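Here's the structure we're looking at; comments come further down.
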Amino acid sequence: MAHRYEVVLLDLGGVVIELSGVPIWQSWTGAGDEAEVWERWLRSAAVRRFESGRASADEFAREIVAEFGLAVEPAEFVREFTGWPKGVYDGAREIIAAARRRVRVGCLSNCNELHWPRFLGEMGLREAFDDHFSSHELGALKPDRDVFDLVVSRLGCRAEQVLFLDDNQLNVDGAREAGLHAEKVRGPDDVRVVLRRAGVLEPV
């Protein structure tokens, strides 16, 4: 089956990597459902400074504890937060490898100095992707338009040649506004369905 994409770009947390932080965050903040958790997280001034590379881990911990009035010490927050990514979902590596036989596959993550080394090193994702984009290295974050423009420029293709998959609707909307094709997914099963529909993976 023919497809129209030059690049598939995947978010990591919730798409390739299983996260454990939402229940912890809900217990700390009294936040409602998962959508509310992620909307507050993406809008947080402390998060935006940290995940755009403008604050250290220690600064981030102090700022986010203060911003949300958390009843935890900054050092405890750092310990818990570092462990939020649990590991790569079963089946995710195989899907990425199959997609790479037909297109260029990269990752685009809102990430930071604590999680990015775990993703590329401990979890072995450096070798899994053709391209690796983290917000803390780019100096820009999803869902802002500038991060998508910057990544497309570095990929050397047109925005409409990129298929972007993310588990957060705000990020999907941001990508679409930048001209990318984008779909909301959760975990490898959803990724497989979308890539088959797009012609990137062979149908069953």
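Computed on the stretch 127-204, the Cα convex hull volume stands at 106 Å³ per residue. The Rg/Rh ratio for the stretch 21-82, using Cα coordinates for both the radius of gyration and the Kirkwood hydrodynamic radius, is 0.93. Largest mean-square fluctuation among Val105, Val88, Val37, in a Gaussian network model of the chain whose springs join Cα atoms under 10 Å apart, belongs to Val37. Computed per residue of the chain from DSSP H runs no shorter than four, each worth -39500 (n - 2.57), the mean residue ellipticity at 222 nm is -12500 deg cm²/dmol. Helix 145-155 and the longest principal axis of the C-alpha atoms of the chain enclose an angle of approximately 50°. Net charge of the neighbourhood of Val22, taken over other residues with C-beta under 14 Å away and scored Lys/Arg +1, Asp/Glu -1, is -4. Computed over the chain, the range of Cα coordinates on each principal axis works out to 54, 32, 31 Å, biggest value leading.
How large is the translational diffusion coefficient of the stretch 33-127 in µm² per second when you combine the Kirkwood radius over alpha carbon pairs with Stokes-Einstein at 20 °C and 1.002 mPa s? Translational D for this selection: 142 µm²/s.
FYI, it's all coordinate maths here, none of it is from the lab. Note that the coordinates shown come from a computational prediction; the quantities given were computed from them, not determined experimentally. All Cβ positions, glycine included, derive from the backbone under ideal geometry; neighbour counts span all protein chains shown.
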